[in-house]
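**Q** Before anything else, here's the structure in question.
The values are calculated or read from the model by the stated rules, or taken from the named source; none is laboratory data. This is a predicted model, so every value here is computed, not measured. Using ideal geometry, Cβ is built from the backbone for each residue, glycine included, and neighbour counts are taken over all protein chains shown.
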């Protein structure tokens with residue numbers, strides 16, 4: 001199973017657990033598995049005859065399925081146990097059995113869901129590699145063929161997930177079970193936690209003056225002229241001058257889909273209305289001013305490049321924003337307004353309004369460690385006690401945009417060894433996962449004999465596989 005540091009270690013009592021504890025890693029690997037297989041297909045000198053190593057009902061597992069997942073795990077620097085081939089075989093058997101049972105139970109997985117997942121993965125690959133043409137060159141397949149190759153594995157993954165959810169939907173945990181789980185952990189194996197904080201922010205972006213807004217627009221008009229006259233390439237100008245750090249390294253490239261909802265509406269509508277090769281007029285979004293070039297259209301997808309210019313702000317603009325937040329802070333201190341209400345009413349950071357102003361990590365959790373904070377926050381928080389609000393301070397966000405923020409220190413824990421009082425939720429989550437794994441084990445031990453399974457001889461001595469099949 002996985003230890004607390006995320007490494008894979010042996011478990012003699014329950015090797016089946018690995019397949020579920022590592023499900024997130026496995027789902028990522030399956031997302032790039034076809035690209036790896038396609039890469040091999042594009043290099044015929046390296047191809048060797050593939051081999052069916054297992055049959056489950058009307059489904060099968062190829063040797064390349066196992067080899068590709070292991071190769072990609074190594075590429076992602078996932079620590080693998082000595083019996084990695086056995087563990088991956090077990091994982092693939094588990095997914096196929098769950099998918100077969102989901103079909104028998106008529107669990108709903110719509111073609112719309114499968115199509116949406118395929119679209120997301122295609123967009124991810126294009127974002128990573130630059131264009132559909134590059135993907136076709138890497139895989140040796142057309143995008144249409146590549147999409148079709150994805151369809152069955154994605155559908156199977158969704159069926160397996162639906163069946164797993166059905167098996168576990170009624171698994172609950174009591175406080176007594178949490179306490180019992182904690183007491184079984186060897187004291188020298190308890191995790192040590194660094195300082196953890198919960199932080200709220202109210203962010204205001206200073207409004208630039210008319211002169212700076214006009215200057216940003218004139219810059220973009222000049223870039224558009226340079227591209228249209230052939231003086232410069234759009235991607236070159238984007239790499240040099242865009243204020244969007246998310247696309248600067250790839251020449252302003254993005255892939256948009258008609259069904260997307262995460263984009264600024266003005267930007268999205270302008271991009272979707274362009275013809276191939278066309279460059280938009282200067283448009284204004286909530287991020288600043290843009291020009292957009294349509295690179296390619298394919299059905300509901302549009303590949304675009306853009307250049308963003310954020311108008312510069314002056315000292316008076318900053319002072320106005322600080323004064324605004326000073327007034328908000330006074331209301332918070334006197335209790336005239338609650339923090340969540342103030343976020344909703346005054347903050348310019350739209351995403352924070354969904355979390356009540358709480359700052360979240362990459363995993364969506366509002367519990368953060370020092371290393372997850374931007375460097376300017378750390379000294380600021382050292383001056384605050386839980387429940388206090390900072391003075392308005394100037395900062396630069398991840399997009400390079402200057403803003404003013406009030407920071408609210410909601411809670412802070414000191415460095416400590418894991419215990420039930422401070423870390424109940426973390427311990428409860430692990431205890432629940434263990435209970436779910438045992439429930440899954442019971443299901444497989446009860447039902448695995450109902451599946452027709454044939455395994456090649458090289459895997460018949462795998463403890464993980466034999467446990468799954470009840471041998």
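**Q** Of the residues 436, 375, 442, 345, which is in the same structural domain as residue 172 (by TED's automatic domain parsing) and exposed (fewer than 14 other Cβ atoms within 10 Å of the Cβ)?
**A** Just one listed residue meets the conditions, 442.
**Q** Please work out which one of (1) surrounded by 15 or more Cβ atoms within 10 Å (Cβ to Cβ); (2) touching a residue at least 40 places away in the same chain (Cβ under 8 Å) is the condition residue 124 fails and give its number.
**A** (1)
**Q** With under 30 Å from residue 289 (Cβ atoms), under 30 Å from the mean Cα position of the chain (by Cα) and modelled with pLDDT of 90 or more as the only criterion, which of 412, 405, 417 stands out?
**A** Of the residues listed, the single one that is under 30 Å from residue 289 (Cβ atoms), under 30 Å from the mean Cα position of the chain (by Cα) and modelled with pLDDT of 90 or more is 405.
**Q** Right, another one. Only one of (1) surrounded by 18 or more Cβ atoms within 10 Å (Cβ to Cβ); (2) touching a strand residue (DSSP E or B) at 6+ places or on another chain (Cβ under 9 Å); (3) at pLDDT 90 or above; (4) assigned by TED's automatic domain parsing to the domain that holds residue 91 fails for residue 427. Which number is that?
**A** Condition (2) is where residue 427 drops out.
**Q** Yes or no: the stretch 353-369 includes at least one residue that is in contact (Cβ under 8 Å) with a residue 40 or more places away in the chain and part of a helix (DSSP H, G or I).
**A** Taking every residue of the stretch 353-369 in turn, none turns out to be in contact (Cβ under 8 Å) with a residue 40 or more places away in the chain and part of a helix (DSSP H, G or I).
**Q** For the stretch 246-259, which positions are over 28 Å from residue 230 (Cβ atoms) and either at pLDDT 90 or above or surrounded by fewer than 17 Cβ atoms within 10 Å (Cβ to Cβ) (or both)?
**A** The answer is 258, 259.
**Q** Return the only residue of 183, 218, 213 being surrounded by 15 or more Cβ atoms within 10 Å (Cβ to Cβ), out of contact with any strand residue (DSSP E or B) (no Cβ under 6 Å at 6 or more places or on another chain) and outside any loop (DSSP other than H, G, I, E, B).
**A** Of 183, 218, 213, the one residue that is surrounded by 15 or more Cβ atoms within 10 Å (Cβ to Cβ), out of contact with any strand residue (DSSP E or B) (no Cβ under 6 Å at 6 or more places or on another chain) and outside any loop (DSSP other than H, G, I, E, B) is 213.
**Q** What's the total number of residues in the stretch 265-284 that are under 25 Å from the mean Cα position of the chain (by Cα), buried (at least 16 other Cβ atoms within 10 Å of the Cβ) and over 15 Å from residue 300 (Cβ atoms)?
**A** 1
**Q** Next question. Can you pull out the residues in the stretch 374-396 that are free of Cβ contacts under 8 Å to residues at least 12 places away in the same chain, assigned to a loop (DSSP other than H, G, I, E, B) and under 26 Å from the mean Cα position of the chain (by Cα)?
**A** Of everything in the stretch 374-396, just one residue is free of Cβ contacts under 8 Å to residues at least 12 places away in the same chain, assigned to a loop (DSSP other than H, G, I, E, B) and under 26 Å from the mean Cα position of the chain (by Cα), namely 375.
**Q** Tally the residues that are free of Cβ contacts under 8 Å to residues at least 60 places away in the same chain and either over 34 Å from the mean Cα position of the chain (by Cα) or under 19 Å from residue 53 (Cα atoms) (or both), restricting the search to the stretch 420-468.
**A** 7
**Q** Considering each residue of the stretch 94-112, count those that are modelled with pLDDT of 90 or more and touching a helix residue (DSSP H, G or I) at 6+ places or on another chain (Cβ under 6 Å), and give that number.
**A** The qualifying residues number 7.
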